[in-house]
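Asks: Before we start, here is the structure in question, set down as structure tokens.
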Amino acid sequence: MILHHQFIRTAKENKEKIAIKDRMTGATVPYARALIGALILAKKFRKYDDKYIGIMIPTSAGAMLASIGTLMAGKIPVMINFSTGAAENSVYAQQKCGFNLIVTSKALLDKIKCPLLEGMICIEDIMKSVTTGDKILAALRTKLPASRIISSLPGASEEDTACILFTSGSEKDPKAVQLSHKNIGSNVQDVTEVLELTKEDIIFSILPLFHVFGQQTNFWLPLTLGMTAVTYANPLEYKTIPAIIRKEGCTLIAATPIFLGGYLRESKEGDFEKLSLVIAGADKTPDWLREGYREKHNIEIVEGYGATETSPVISVNRRNRNKPGSIGLAVPSCEIKITHIDSGETLPAGEEGKIMVRGDLVMKGYLDEEKTKEAIVDGWYFTGDIGVLDEEGFLWHKGRLKRFVKIGGEMVSLVKTETIIADVLHKDIDCCVVDIPDKVKGASLVAVLTQEIDREQLIRDLADRLPPIAIPKKFLVVDELPKMGSGKADFRKIAEMASHSLVK
């Protein structure tokens, strides 16, 4: 699948259907008008010499059409994270990829107080420059058969890069990931098949497009399949979002557990009546969240797993084959194996080791070729995670390899400790366990929580379920855990907070 070609075919087949309903701007964009808009932007972007064009626009019709227009112009969109330092991330992307032009939004820059940097142009100004002639010419082109429109564009193949995304940077500096049309397209087809999605679905698109979960699930999935995408640029407006889901009759939402927890808390009975599928990914889904959706809305959360480098979905539970706590079965185009941490030997079912994947979903590579060679060996990509496959083929996530810490000569999983703390507390309290230096043991554990608790009681409760070295003895209470734009915890910042507050 060549993504923008498939969008053209879909737009031609669904002219009057609503492609994007933008709840921030009030714009309602049928597929026919979306195609006109993308062609207009493609013409504007062709004037620039850059091979890459930065896109820094919140989830919206503008962000999606700018990305499609970039591909139609024969260029590659570079998605820029504006949630963790827009100015710094813009400069980082420009330097890393070697380009100048960044298409952004004046409304966004004003809101986040980011200056207009060298190379930035605002989409509002681009749209003001669109003439009546531009609109008429683009509209006339849309009357042509899809094949004629496609043949009029710069040549493209499935192996071409469809976008560049940056890894989260929650553990170290972000890497520039090249995802091809084949990577994203195969993953769209896999997810559509295993989750039994159709063009009749209405997806609530709230994840940022600079995050792979948003790029594939909230953008390319609906616009290549022919769904309606209801967009909203701020996933943190917990009070507003359940009412939008209700009003728009959304049938599908994919989000991180942190966002889903906020929507659960603020939702009223009936808000999620039309939701037939709630997909959780990008972080572990706690039991209290599953139970909350089950009890309040009679919805079973379907949990999946993926990575930026895998376009992203590696595995996902199914509507009628859901094993809570697992991260599901491999999607059709993906092969998974578990290997020994040290020897690399393939392990049998039930044994814990490194999660390795291969298939069409695995990235073309990082822009840094040396890092690519380290990450992909003989076609197999190491996700950086530890897991186990059970006898039925379900994958169970045991934590990031880098989120294991050696204490007193033993390896301790920070994720396992977090999971058991969440189970013991059994309430909506965000918790992240980090390690800080300890002169005697090498490291000690700190539980960073968003509410004060009975610390001594928690330690006693954990004693029955964890070895002593895996029980935090130090605690830090904060108003909110620092997060990435995707809603994932920012482990680097949390560790810095804990170290600064507790290490004298």
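Asks: As an exercise: evaluate PRO174 against (1) modelled with pLDDT of 95 or more; (2) of a type outside the set (Ser, Thr, Tyr); (3) crowded, with 17+ Cβ neighbours inside 10 Å and give the number of the one condition it does not meet.
Replies: (1)
Asks: Right, something else. Give region 104-133 a look and list any residue that's in a loop (DSSP other than H, G, I, E, B), over 26 Å from the mean Cα position of the chain (by Cα) and among the charged types (D, E, K, R), or say none.
Replies: GLU118
Asks: More than 22 Å from ILE20 (Cβ to Cβ) and either without any contact (Cβ under 8 Å) to a residue 12 or more places away in the chain or surrounded by fewer than 18 Cβ atoms within 10 Å (Cβ to Cβ) (or both): is that true of LYS106 in this structure? So that I can check it myself, show each step before the final result.
Replies: Working: more than 22 Å from ILE20 (Cβ to Cβ): no; either without any contact (Cβ under 8 Å) to a residue 12 or more places away in the chain or surrounded by fewer than 18 Cβ atoms within 10 Å (Cβ to Cβ) (or both): yes.
Spelling it out, it is not the case that LYS106 is more than 22 Å from ILE20 (Cβ to Cβ) and either without any contact (Cβ under 8 Å) to a residue 12 or more places away in the chain or surrounded by fewer than 18 Cβ atoms within 10 Å (Cβ to Cβ) (or both).
Asks: Follow-up. Take ALA229 and tell me if it is buried (at least 24 other Cβ atoms within 10 Å of the Cβ), in contact (Cβ under 8 Å) with a residue 24 or more places away in the chain and not in a helix (DSSP H, G or I).
Replies: On the way: buried (at least 24 other Cβ atoms within 10 Å of the Cβ): yes; in contact (Cβ under 8 Å) with a residue 24 or more places away in the chain: yes; not in a helix (DSSP H, G or I): yes.
It is true that ALA229 is buried (at least 24 other Cβ atoms within 10 Å of the Cβ), in contact (Cβ under 8 Å) with a residue 24 or more places away in the chain and not in a helix (DSSP H, G or I).
Asks: Is it the case that LYS96 is closer than 22 Å to GLN215 by Cβ and in a helix (DSSP H, G or I)?
Replies: Spelling it out, LYS96 is indeed closer than 22 Å to GLN215 by Cβ and in a helix (DSSP H, G or I).
Asks: Regarding SER186, is this residue under 24 Å from ASN322 (Cβ atoms) and among the small types (Gly, Ala, Ser)? Spell out the reasoning first.
Replies: On the way: under 24 Å from ASN322 (Cβ atoms): yes; among the small types (Gly, Ala, Ser): yes.
So SER186 fits the description; yes.
Asks: Show the residue pairs meeting these rules: Cβ distance below 9 Å; 6+ apart or different chains; first residue within region 275-304 and within 17 Å of ILE245 (Cα to Cα) and modelled with pLDDT of 95 or more; second residue in a strand (DSSP E or B) and among the charged types (D, E, K, R).
Replies: Listed pairs, sorted by first residue: ILE279/GLU303; ALA280/GLU303.
Asks: Follow-up question, since we're still on this one. Does at least one position in region 78-89 carry a residue that is among the aromatic types (Phe, Trp, Tyr), within 20 Å of PHE213 (Cβ to Cβ) and assigned to a loop (DSSP other than H, G, I, E, B)?
Replies: Scanning region 78-89, I find at least one residue that is among the aromatic types (Phe, Trp, Tyr), within 20 Å of PHE213 (Cβ to Cβ) and assigned to a loop (DSSP other than H, G, I, E, B), so the answer is yes.
Asks: Please go through region 308-343 and give me each residue that is of a type in the set (A, V, I, L, M, F, W, C) and at pLDDT below 95, ordered by number. Break it down stepwise before answering.
Replies: First, the residues of region 308-343 that are of a type in the set (A, V, I, L, M, F, W, C): 313-314, 316, 327, 329-331, 334, 336, 338, 341.
Within region 308-343, just ILE341 meets the criteria.
Asks: Would region 398-419 turn up any residue that is among the small types (Gly, Ala, Ser) and modelled with pLDDT of 95 or more? I'd like the intermediate steps shown before the answer.
Replies: Let us first name the residues in region 398-419 that are among the small types (Gly, Ala, Ser), namely 399, 408-409, 413.
Going one step further and asking which of them are modelled with pLDDT of 95 or more, we end up with none.
No - not one qualifying residue is present in region 398-419.
The values are calculated or read from the model by the stated rules, or taken from the named source; none is laboratory data. Source: prediction; values computed, not measured. Heads up, the Cβs are rebuilt from the backbone with ideal geometry, glycines too, and the neighbour counts pull from every protein chain shown.
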